[in-house]
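S.K.: Right, I'll just put the structure down here and ask away after.
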Amino acid sequence: MAIIAGHESRSDRPPPRYPGHMSIQDADVSLAEFEVLERASSEEVSVELINGRIYVVPAPDGEHDEFAATIRNQILSSTGLEFFHERGLRIPAYREGRSRVDGAVAPRGYFRAEPSWADASGVLLIVEITSGRDRDAEVDRVEKRDAYAQAAIPVYLLVDRHHGEVTVFWAPDHGQYTQQATAKFGAPLHLPAPFDFELDTAEFL
C-alpha cells in the first residue's frame, strides 16, 4: 500500500545538482575481489558490494550530512535507539554484500563487538540519502531497497534529494517490502513500529 502525504512548495523546483557521482562496476564480483578494492579505496570515496556489483561512492556533501543529522536527532529524541552514521554492514542477500549505509538504527551497544563490516541482523532501520546524479540515485531507490528487503531489514528510509521526498519501506516478506509511505519535503512522515512517530521533514526544505 502506498500512502502519499503532499506538500507543494518544492514540487516545481528543478532537481538539485551535487558534486561527484557514483560509478558502477557492472560485473559479477566476488567478495574476495571486493575486499581488495575496498582496501585500496581512499578517504574521498567508499566502495560497496550490492548483489554482485561494485559501487564507488563519493564522499557526502554538507547537505547530505545535515539531513542525516536531522534524522538522527529525531530518532534519539523519540526512541531509546541509537543512530550510527556511515556504518559498514554485511548484507546477506542472494549474494553476499557490503553496504556502508548513511544511517543504521539499532539498540545502543549492538555494534560494540562487531567488526568494520558488521552483522546487520540486529539493525532495525537503514537510512540512505541520495547524492550524485539522478541516475545514481536509482541505486538507493531500487538495488539497495531490494537488497535490504532480501536481508529482512525491518524498515528502510530513503531520503530522495532529487525528487524532494522521503519514502519509508517496511514489512519485508519473501525478499520485498510490502508496505511503503511517501511524503514531500516539509510534510510529516509516520515511521512504523518500533519507531511509531512522525518524522518532521521541514528542515529538508
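S.K.: Using Cα-Cα distances under 8 Å and only pairs 6 or more residues apart, what relative contact order does the range 158-205 have, in percent? Please report the intermediate quantities before stating the final value.
M.R.: Working: 73 pairs, mean separation 12.5, N = 48.
The value is 26 percent.
S.K.: Shape call for the range 48-203 from the C-alpha gyration tensor, a ≥ b ≥ c root eigenvalues: rounded (a/c under 1.5), prolate (a/b greater than b/c) or oblate?
M.R.: Values: a/c = 1.30, a/b = 1.13, b/c = 1.15.
Since a/c stays below 1.5, the shape of the range 48-203 is classed as rounded.
S.K.: Using the basic label-point model (7 angstrom from Cα toward the beta carbon), what is the residue 108 to residue 73 distance in nanometres?
M.R.: 2.0 nm
S.K.: Further question: Taking R0 as 22 Å, what FRET efficiency do you get between residue 85 and residue 200 from their Cβ-Cβ distance, rounded to the nearest 0.05?
M.R.: Working: r = 19 Å, r/R0 = 0.87.
Working from the Cβ atoms, E equals 0.70.
Read-outs: derived from the displayed coordinates by stated rules, not from any lab. What you are looking at is a predicted structure, and each value in this text was computed from that prediction instead of being measured. Cβ coordinates were reconstructed from backbone atoms using ideal geometry, including for glycine residues, and neighbour counts include every protein chain displayed.
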